[in-house]
1. Taking the stretch 113-150 only, how many residues are closer than 22 Å to residue 75 by Cα and in contact with a helix residue (DSSP H, G or I) (Cβ under 6 Å, 6 or more places away or on another chain)?
2. In the stretch 132-146, which residues are surrounded by 13 or more Cβ atoms within 10 Å (Cβ to Cβ) and either part of a loop (DSSP other than H, G, I, E, B) or within 21 Å of the chain's Cα centre (by Cα) (or both)?
3. Please count how many residues of the stretch 53-66 are surrounded by fewer than 15 Cβ atoms within 10 Å (Cβ to Cβ) and assigned to a helix (DSSP H, G or I).
């Protein structure tokens, strides 16, 4: 795995980071397999200990306090969690209104303006296309890849 800004967070901040991602995944009230997988991957990336992961998982079905979690993060950490929250929100194929509301709240908390936020949405879309192109090169396309490649 490539180095990332998540690596620079202390343990408390990494747990708040995961908590924010969980909040985004649960925002629309419909947790899908892809969101669960994204959260599990984020917990691994953030080096959350297995016992702590077990304690965090129930938050996937219970609302946590977004404001309280954001207070535990520096402005830079809020920007990193915004980036990754956008991926979690997009992983099921759509941004729901409730997810967009949470993303905007995270952006505001981290001092991210509308132009930066738009650029991040474009970055996420470009990332999906990049992944689809890689699968296409190997001939292992997933459902929906064709629309990304057109």
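1. Total satisfying the criteria: 3.
2. 132, 141, 145
3. Of the residues in that region, 4 qualify.
The rows are residues; the columns are (1) at positive phi; (2) at pLDDT below 90; (3) crowded, with 16+ Cβ neighbours inside 10 Å; (4) not in a loop (DSSP other than H, G, I, E, B).
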{"position": "19", "(1), (2), (3), (4)": "no, no, yes, yes"}
{"position": "31", "(1), (2), (3), (4)": "no, yes, yes, no"}
{"position": "39", "(1), (2), (3), (4)": "no, no, yes, yes"}
{"position": "42", "(1), (2), (3), (4)": "no, no, yes, yes"}
{"position": "48", "(1), (2), (3), (4)": "no, no, yes, no"}
{"position": "68", "(1), (2), (3), (4)": "no, no, no, yes"}
{"position": "73", "(1), (2), (3), (4)": "no, no, yes, no"}
{"position": "89", "(1), (2), (3), (4)": "no, no, yes, yes"}
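The values are calculated or read from the model by the stated rules, or taken from the named source; none is laboratory data. All of these numbers come straight from a predicted model, not from anything done at the bench. Positions of Cβ are generated from backbone atoms using ideal geometry, with glycine treated the same way; all protein chains shown enter the neighbour counts.
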